[in-house]
Amino acid sequence: MFRFRNVLALALTSAMVAAVAAAQAPYQPKFPGDPAHSDSEAQALGYMRTALRAQHLYEKRHAKFASSLTALAGTGSFTKRMASTTDRGDYKASFKTHKDGFVLTMTPKQIDADHRSFYAEQDMVMHVDSGKPADSDSPTLK
């Protein structure tokens, strides 16, 4: 019995050390020039890029931008599932239309160094902010 407890304790300790090491591992870029600081940011930016590409295609086909994420579903790679919820893990998506276009934002549930906020509109330029929700005055994402 003593030996079983030692083996179990060692296995649990190893698992905890591996989990901590994985949590502290630096972000590995997904492609050359990847601007993300974390996996959560990479997912948020992927969602934004997909939505922006879909808006571009939608506008080319219909001579106007989609009025909602639901209307955008099925265009390009933007799916019904992507349109069905604005909860995107560590981020919340927001999509609003106005007379001349749209605004798409990805705001983290908690802003920090690994969870910056992102903003884009009909010009398809992404903006980023590390201290507050991003807007059109925020620096351009590079």
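Every number in this text was worked out from the coordinates using simple rules, so none of it is lab data. All figures in this text were calculated on a predicted structure; none of them were measured in a lab. When we count neighbours, we look across all protein chains shown, and the Cβ atoms used for this are built from the backbone with ideal geometry, even at glycine.
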Packing-ranked peptide list from 77-90, 116-129, 95-108, highest mean Cβ count within 10 angstrom first, is 116-129, 95-108, 77-90
The rounded separation in angstrom of the Cα centers of the stretch 46-92 and the stretch 115-140 is 17 Å
Expressed in nanometres to one decimal, the distance between label points 7 Å along Cα→Cβ at residue 142 and residue 68 is 4.0 nm
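Stokes-Einstein D for the stretch 38-142 at 25 °C, 0.890 mPa s, Kirkwood Rh over Cα pairs, in µm²/s? Before the final figure, lay out each step's value.
On the way: Rh = 13.6 Å.
Rounded, D is 180 µm²/s.
I want the local charge near residue 75. Using Cβ-Cβ distances under 12 Å, sum +1 for each Lys or Arg and -1 for each Asp or Glu among the other residues.
Values: positive: 53, 60, 61, 80; negative: 59.
Every neighbour counted, the sum reads +3.
For the stretch 38-142, compute the number of Lys pairs whose alpha carbons are separated by less than 17 Å, excluding pairs fewer than 8 positions apart on the same chain.
Details: 64/96; 64/99; 80/92; 92/109; 92/132; 109/132.
Qualifying lysine pairs in the stretch 38-142: 6.
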